[in-house]
Each structure stands twice: as C-alpha cells, then as structure tokens.
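**Q** First, the structure itself, so that you have it in front of you.
The values are calculated or read from the model by the stated rules, or taken from the named source; none is laboratory data. Please read all numbers here as calculations on a predicted model, not as lab measurements. Every residue, glycine as well, gets a Cβ built from its backbone with ideal geometry; the counts of neighbours run over all protein chains shown.
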Amino acid sequence: MARGFNKAILMGNLARDPEVRYTTSKQAVAKLTVAVNRQWKTKEGEVQDQADFIPVVVWGVQAENCERYLRKGSSVLVEGRIQVRSYEAGTGERRWVTEVVAQGVTFLGSRRDGGEAYPSEGEQAIPSRGGSLREKGFEDDYVRDISELDDIKDEGEDADIPF
C-alpha cells in the first residue's frame, strides 16, 4: 500500500480568542478559528472577497502558548494535518467534524500589533535591548534600513529589489 500525505498550511488571522481546556490527564488543548481571506474575479471582472473560517486544534505546551500570546485578530501560520472525526451528539445523532490538527503554530506580527514579544518554542520572551545600530555607532558597517530609502536621491533607474 502506498504511503499517504496529509499536510495543511494556513496563514491568516484568528477569528476569536483561543479557547483552552484541559483533558482529564491535564493536557492542554486549544481550539482556534483561523480566518483565511481569498480573492477572485468574476466573469464580469468584479473582484470578490471571501473569508474561510477554518477550525484548528492545538495540543500541549503550544496550546498554552497560544492562550498566552494570541488574541482575536492575531496573525498566525499553522502547519498540521487535516482530520475528519465523528461523535455522537446529545440528541443521539452522529455528527462529523473536519479540522486541522496543528503540528506547529508560528506567531506572526510584532509588538506594534498590540501583542507582547513572542518567544520561540521552549524559550522565554527576551526583553528588548532597545536602540538602533546607528545609535550604537555602527552606521557605516550595515546596509541602510529600507525606511531610509526616501533620503536617497533617485538616479532615474528602478532600484534592484532582491525579492
């Protein structure tokens, strides 16, 4: 039998704050809803926007970190697998759920987005050391910051952008 492949990668914003609960064995499980926007043009050329709201389940320490650092609107990158499961509802009928079980959640964005500094997996948040390289005397040793491009005079050619 051939080996299967089940990989889901989502990038979007949280539609609501993470919901964290604990199993009887005290393992954290977080439920997230990731809103992923998509755009397309109709036959008439009109641009349409739609958001898909995708349920995501996160387990263990990652679930606790999601609760600690993420809020509604936070940008995330989720890598995981698609899972389809069924359960019996209180009324006795069988219900089906399709969700992404996260194997990794990367917190996108910055402090400017209103959040705290995001620690890497397994490490604590490091306080900002503050100050720019220019303020520390390294002005000529590094390439200029892209925000300073307005100060450079246009020489009539488009800049070579490396991406």
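**Q** Of everything in segment 98-126, what is at pLDDT 95 or above and surrounded by fewer than 12 Cβ atoms within 10 Å (Cβ to Cβ)? Give them in sequence order.
**A** Scanning segment 98-126 gives a single hit, Thr98.
**Q** Give the residue that is nearest to Asn13 (Cα to Cα), with candidates limited to residues of segment 69-94 that are without any contact (Cβ under 8 Å) to a residue 60 or more places away in the chain and of a type in the set (S, T, N, Q).
**A** Narrowing segment 69-94 to residues without any contact (Cβ under 8 Å) to a residue 60 or more places away in the chain: 69-72, 83-94.
Those left that are additionally of a type in the set (S, T, N, Q): 83, 86, 91.
Details: Gln83: 21, Ser86: 27, Thr91: 34 Å.
Checked segment 69-94; the qualifying residue nearest to Asn13 (Cα to Cα) is Gln83.
**Q** Answer yes or no: is there a residue in segment 41-58 that is in contact (Cβ under 8 Å) with a residue 60 or more places away in the chain and surrounded by 11 or more Cβ atoms within 10 Å (Cβ to Cβ). Don't jump to the end; show me each part of the working.
**A** Quick first cut of segment 41-58, residues in contact (Cβ under 8 Å) with a residue 60 or more places away in the chain only: none.
No, the conditions are met nowhere in segment 41-58.
**Q** Oh, and also: Out of the residues in segment 27-40 meeting the condition of being touching a helix residue (DSSP H, G or I) at 6+ places or on another chain (Cβ under 9 Å) and small (Gly, Ala, Ser), tell me which one is surrounded by the most Cβ atoms within 10 Å (Cβ to Cβ).
**A** Ala30
**Q** Looking for something surrounded by 10 or more Cβ atoms within 10 Å (Cβ to Cβ), in a strand (DSSP E or B), in contact with a Lys or Arg (Cβ under 7 Å, 6 or more places away or on another chain) and at pLDDT 50 or above - is there at least one such residue anywhere in segment 71-84? Don't jump to the end; show me each part of the working.
**A** Step one: list which residues in segment 71-84 are surrounded by 10 or more Cβ atoms within 10 Å (Cβ to Cβ), which gives 71-83.
Narrowing the set further to residues that are in a strand (DSSP E or B) leaves 75-83.
Going one step further and asking which of them are in contact with a Lys or Arg (Cβ under 7 Å, 6 or more places away or on another chain), we end up with 81.
With at pLDDT 50 or above added as a condition, the list becomes 81.
Yes - at least one qualifying residue is present in segment 71-84.
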